[in-house]
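Report on one structure; see the data block that follows.
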């Protein structure tokens, strides 16, 4: 019986401690405003020679550039605004 009381006491302390840690983590996240955006100094995105930027679209954390190539083709270039990383290029082509 004595070991059962000890076990219940230990589990109660763990439950209260875990809840306190959870509340502290959530409160800390709220006070810091969630994710702090990282900044970048300089970044380079290579675009094909002779291409022109036709449309620029900015989202909350993405930049989308529509490139018009000299041969008439089009590309969408996606850039992450928090890191400056080139996420990818989408080639647009007409359906036959």
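Numbers below:
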quantity: GNM flexibility winner over the chain from 63, 31, 81 (Cα, springs under 10 Å); calculated: 31
quantity: Rounded to 10°, Cα long-axis angle of helix 2-32 versus longest principal axis of the chain; calculated: 30 degrees
quantity: Candidates 24, 51, 85: whichever shows maximal mean-square fluctuation once the chain is modelled as a Gaussian network with Cα springs under 10 Å; calculated: 24
quantity: Calculated log₁₀ intensity ratio I(q)/I(0) where the Debye formula runs over C-alpha points of the chain, q = 0.10, 0.12, 0.15, 0.24 Å⁻¹; calculated: -0.53, -0.61, -0.75, -1.19
quantity: Inter-probe distance in nm under a simple model that places probes 7 Å from Cα toward Cβ, at residue 22 and residue 43; calculated: 3.6 nm
quantity: Helical mean residue ellipticity (222 nm; -39500 (n - 2.57) per DSSP H run of 4+; nearest 500) of the chain; calculated: -11500 deg cm²/dmol
quantity: Most fluctuating residue given options 68, 23, 77, as computed from a GNM of the chain linking Cα atoms under 10 Å; calculated: 23
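Values quoted throughout were computed directly from the atomic coordinates according to the rules given, and no laboratory measurement underlies them. Computed from a predicted structure; not experimentally measured. Cβ atoms come from the backbone with ideal geometry, glycine included; neighbour counts cover every protein chain shown.
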